[in-house]
Amino acid sequence: MTTGGQLFDLTGRVALVTGAGAGLGRAFCVALATQGALVVATDRDLARAEETGWLVRQTGGTALTLATDVTDEKQVTETVEHILSEHRRIDVLINNAGISTGAAKTHELAVADWDRLMDISLKGVFLMTRAALAPMIERGSGSIINIASIIGMIGYYPGFTAGAVNYAAAKAGVIGLTKQVAAEYASEGIRCNAISPGFHGGTKLAEAFRSKSTPEQAERYEAAIAQRTPLGRRGRPNELDGLVLWLASDASSYVTGQNFVQDGGWTAT
């Protein structure tokens with residue numbers, strides 16, 4: 001009989017996490033390391049990636065930190081090549097890197113903001129997935145986990161700008177990309193799934209919203225989220241750990257092409 005600990009065991013596996021310098025990406029790195037994975041923490045900001053690597057090592061884990069801009073095809077290729085030269089494999093890829101350009105209604109959204117967000121939050125997922133697929137195909141196994149959002153599933157307008165159409169469109173695109181990759185590579189032993197979180201605290205997106213809002217606007221926003229969420233609060237980054245570990249490990253070996261919602265009941269009502 002397989003025990004729970006063995007089921008989630010990632011010993012000997014290499015897990016690459018993008019946008020690992022803070023928030024959800026940082027939490028994912030620590031969680032993966034606790035189950036024995038060698039974590040590769042990548043971020044545009046190397047200093048923040050190194051902070052994550054330090055946290056992983058403090059918990060007894062192993063981490064490699066790299067500066068990677070997911071919009072740059074050359075940097076993405078070099079990152080994968082570096083990992084392969086050091087460790088000869090990539091078993092898990094978590095496409096977490098993404099941004100928000102702030103809250104704006106569609107008719108007010110700048111084209112430059114549309115392009116910048118799509119470049120990071122959708123094209124970046126494509127580039128990193130494409131680069132990681134080759135070594136996964138060679139090994140005949142792999143788990144790709146893409147971080148989407150409930151805002152890619154349903155619209156949200158509480159009477160004031162609380163998001164933007166570029167973010168919604170990119171996250172919907174991530175869900176579609178996930179399903180197509182799952183269909184194409186299942187026969188190669190590669191699984192691809194998405195997670196659509198609801199509103200979580202402790203993320204760079206939440207920090208960015210607060211930094212661009214007055215205290216009154218931020219309070220109104222938080223009240224609207226709490227009222228709309230059946231559990232009555234934001235999620236915490238580490239509340240995604242169990243789902244991430246399940247998808248990364250053999251515990252979910254027959255699961256692919258799915259979008260898992262973790263939103264405190266938001267989409268249930």
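At-a-glance table
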quantity	calculated
Filter result for SER187 (buried (at least 20 other Cβ atoms within 10 Å of the Cβ) and part of a helix (DSSP H, G or I))	no
Whichever residue in region 213-256 is part of a helix (DSSP H, G or I) and polar (S, T, N, Q) and, among such residues, is modelled with the highest pLDDT	SER252
Residues within region 35-58 that are out of contact with any Ser or Thr (no Cβ under 6 Å at 6 or more places or on another chain) and within 16 Å of ASP241 (Cα to Cα), tallied	6
Those residues of region 193-212 which are at pLDDT below 70 and either in a loop (DSSP other than H, G, I, E, B) or of a type in the set (S, T, N, Q) (or both), in sequence order	SER211, LYS212
Test: residue in region 111-119 that is of a type in the set (A, V, I, L, M, F, W, C), out of contact with any Lys or Arg (no Cβ under 6 Å at 6 or more places or on another chain) and surrounded by fewer than 16 Cβ atoms within 10 Å (Cβ to Cβ)	yes
Cross-chain or 6+ apart pairs with Cβ under 7 Å, region 89-116 first and free of Cβ contacts under 8 Å to residues at least 12 places away in the same chain, then crowded, with 18+ Cβ neighbours inside 10 Å and assigned to a helix (DSSP H, G or I)	none
Any chance ALA27 is under 30 Å from ALA164 (Cα atoms) and surrounded by fewer than 23 Cβ atoms within 10 Å (Cβ to Cβ)	no
Tabulated pairs, region 240-255, first farther than 20 Å from ALA186 by Cα, second modelled with pLDDT of 95 or more and of a type in the set (Gly, Ala, Ser), C-beta under 6 angstrom, 6+ apart or interchain	ASP241/ALA31
Filter result (surrounded by fewer than 16 Cβ atoms within 10 Å (Cβ to Cβ) and under 16 Å from ALA132 (Cα atoms)) within region 43-72	ASP72
Which listed residue is in contact with a strand residue (DSSP E or B) (Cβ under 7 Å, 6 or more places away or on another chain), free of Cβ contacts under 8 Å to residues at least 60 places away in the same chain, closer than 18 Å to LEU127 by Cβ and crowded, with 19+ Cβ neighbours inside 10 Å, from VAL40, VAL17	VAL40
Residues within region 142-163 that are buried (at least 17 other Cβ atoms within 10 Å of the Cβ), at pLDDT 95 or above and either part of a loop (DSSP other than H, G, I, E, B) or on the phi > 0 side of the Ramachandran plot (or both), tallied	4
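The values are calculated or read from the model by the stated rules, or taken from the named source; none is laboratory data. Note that this is a predicted model, so its numbers are computed, not measured. So basically every Cβ, Gly included, is an ideal-geometry build from the backbone, and we count neighbours across all protein chains shown.
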